[in-house]
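Colleague: Let me give you the structure first, and then I'll get to my questions.
The values are calculated or read from the model by the stated rules, or taken from the named source; none is laboratory data. None of the values given here were measured: they were computed from a predicted structure. Every residue, glycine as well, gets a Cβ built from its backbone with ideal geometry; the counts of neighbours run over all protein chains shown. Heavy atoms of the whole protein, side chains included, go into the accessibility calculation; ligands, DNA and RNA do not. Shrake-Rupley method; radii C 1.70, N 1.55, O 1.52, S 1.80 Å.
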Amino acid sequence: MSTRIFTSGLQSVPRIQRVYRSFSVSAPTQRTGGVKQLGVIGAGQMGLGISFVAALVAKVPVVLVDSSEASISKSLGFLDKLLQKDVAKGKYSQDDANQVIKRIEPTTKFDSIFAADFIIEAVPEITQLKCEIFGKLAAGARSDTILSTNTSSISITKIAAAAKGAEDRVVSTHFMNPVPVQKGVEIISGLQTAGETVDRAVAFVKAMGKIPSVSTDSPGFIANRILIPYINEAITCLETGVGNKEDIDSIMKNGCAMPMGPLALADFIGLDTCLAIMNVLYTETADSKYRPAVLLQKMVDAGWLGMKSKKGFYDY
């Protein structure tokens, strides 16, 4: 797969979206770890969430790049609804909402992010695609720009190796979904990542109002190394008849103080995502305890992916 999907040559987004283009908005650079402008690659749920929080809380201008005008338009429409809902609830003022809109610059031109101090890639979990993107970033971005990936499972060391000449500036800022709600962010370093890179990443996510947890580059990192096998075991319990889905979710919520049952959580994350992460754990550790549940594979084969497909362990 080629990164040409991000360089279609389109010069601007449609007129309806131009109201979202930003003007220069400065931010206290000490508070933001030296970040004056953020670049985000991918206007999906994660990329939009990261852009929104950076613009609202860290108050930095954001260049949001995506290959698809349709994706950008859809995301900006969702952002507008989210802002209006939050204003109506009194979470912040209409002026704050207007400032968020002005700080986010949507574009289909990939090279528009090269001037950013900090770039976060938030595209699908496809190793080849991410590596190609980081190769382009290493060649085009400034020599002091932090190059970050939002990957939830792919090796940071492998991604950094693709960023020739910029390997020490590659790090992972793994935001949790939904970004505006979840406070935790994993900061993961590869073998090549410099300590200064980690420090700047920690400072910036703190400026976004997040709570960073630092880990090394190990399969699944911290969160998914613990969470996804937990979900997988719940699926195995359902598969082998230990309990039905309602009772499995109920006991974990009402007996173990989990905010959501593991099967409902799997639907929320996406069963295809859960399977992909389990396969990474199983392949990279060669440990049988990470073998994906047979039922999980079958449901993905059936296209029952959870909330995104309106059917998973529950119907939506």
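Colleague: Criterion first (hydroxyl-bearing (Ser, Thr, Tyr) and more than 18 Å from the chain's Cα centre (by Cα)) does residue 148 satisfy it?
Modeller: no
Colleague: Of everything in the stretch 70-84 that's surrounded by 15 or more Cβ atoms within 10 Å (Cβ to Cβ) and of a type in the set (Gly, Ala, Ser), which residue is farthest from residue 96 (Cα to Cα)?
Modeller: By that ranking, first place goes to 71.
Colleague: So, one more: Does the stretch 301-313 contain at least one residue that is modelled with pLDDT of 95 or more, under 24 Å from residue 154 (Cβ atoms) and open to solvent by 50 Å² or more (accessible area, probe 1.4 Å)?
Modeller: yes
Colleague: Counting only residues that are touching a residue at least 40 places away in the same chain (Cβ under 8 Å) and open to solvent by 50 Å² or more (accessible area, probe 1.4 Å), which one in the stretch 91-104 is nearest to residue 65 (Cα to Cα)?
Modeller: Once the filter is applied, the top-ranked residue is 102.
Colleague: Then there is this: Every residue in the stretch 49-77 that is free of Cβ contacts under 8 Å to residues at least 40 places away in the same chain and in contact with a helix residue (DSSP H, G or I) (Cβ under 7 Å, 6 or more places away or on another chain), please.
Modeller: Listed by number, the list holds a single entry, 75.
Colleague: Just wondering, is there one or more residues in the stretch 65-81 that are in a strand (DSSP E or B) and under 17 Å from the mean Cα position of the chain (by Cα)?
Modeller: Yes; the residues of the stretch 65-81 include at least one that is in a strand (DSSP E or B) and under 17 Å from the mean Cα position of the chain (by Cα).
Colleague: Would you confirm whether any residue within the stretch 110-117 is open to solvent by 50 Å² or more (accessible area, probe 1.4 Å), touching a strand residue (DSSP E or B) at 6+ places or on another chain (Cβ under 9 Å) and farther than 27 Å from residue 153 by Cα?
Modeller: Taking every residue of the stretch 110-117 in turn, at least one turns out to be open to solvent by 50 Å² or more (accessible area, probe 1.4 Å), touching a strand residue (DSSP E or B) at 6+ places or on another chain (Cβ under 9 Å) and farther than 27 Å from residue 153 by Cα.
Colleague: Within the stretch 267-277, which residues are closer than 15 Å to residue 301 by Cα and out of contact with any strand residue (DSSP E or B) (no Cβ under 8 Å at 6 or more places or on another chain)?
Modeller: Hits for the stretch 267-277 are 272, 273, 274, 275, 276.
Colleague: Continuing with this model, one more query. Would you confirm, using the coordinates I've provided, whether residue 160 is touching a Gly at 6+ places or on another chain (Cβ under 7 Å), among the small types (Gly, Ala, Ser) and touching a residue at least 40 places away in the same chain (Cβ under 8 Å)?
Modeller: Criteria not met by residue 160.
Colleague: Sticking with this structure for a sec: Output the helices (runs of 4 or more DSSP H) that fall wholly within the stretch 229-297 and possess 2 or more residues being charged (D, E, K, R) and open to solvent by 40 Å² or more (accessible area, probe 1.4 Å), or say none.
Modeller: Those helices (runs of 4 or more DSSP H) span 245-254, 271-285.
Colleague: When the stretch 39-64 is examined, which residues are found to be outside any helix (DSSP H, G or I), within 12 Å of the chain's Cα centre (by Cα) and modelled with pLDDT of 95 or more?
Modeller: Across the stretch 39-64, the qualifying residues are 40, 41, 42, 43.
Colleague: For residues that are open to solvent by less than 20 Å² (accessible area, probe 1.4 Å) and part of a loop (DSSP other than H, G, I, E, B), tally how many sit in the stretch 198-209.
Modeller: 1
Colleague: Condition check: closer than 30 Å to residue 171 by Cβ, at pLDDT 95 or above, among the aromatic types (Phe, Trp, Tyr) and in contact with a Phe, Trp or Tyr (Cβ under 6 Å, 6 or more places away or on another chain). Does residue 110 satisfy that?
Modeller: Yes; evaluated as a whole, the condition is true for this residue.
Colleague: Which residues, taken from the stretch 97-117, are under 30 Å from residue 85 (Cα atoms) and in a strand (DSSP E or B)?
Modeller: 104, 105, 106, 107
Colleague: Checking the structure you have, find out if any residue of the stretch 210-228 is without any contact (Cβ under 8 Å) to a residue 24 or more places away in the chain, open to solvent by less than 30 Å² (accessible area, probe 1.4 Å), outside any helix (DSSP H, G or I) and of a type outside the set (Asp, Glu).
Modeller: For the stretch 210-228, residues without any contact (Cβ under 8 Å) to a residue 24 or more places away in the chain, open to solvent by less than 30 Å² (accessible area, probe 1.4 Å), outside any helix (DSSP H, G or I) and of a type outside the set (Asp, Glu): absent.
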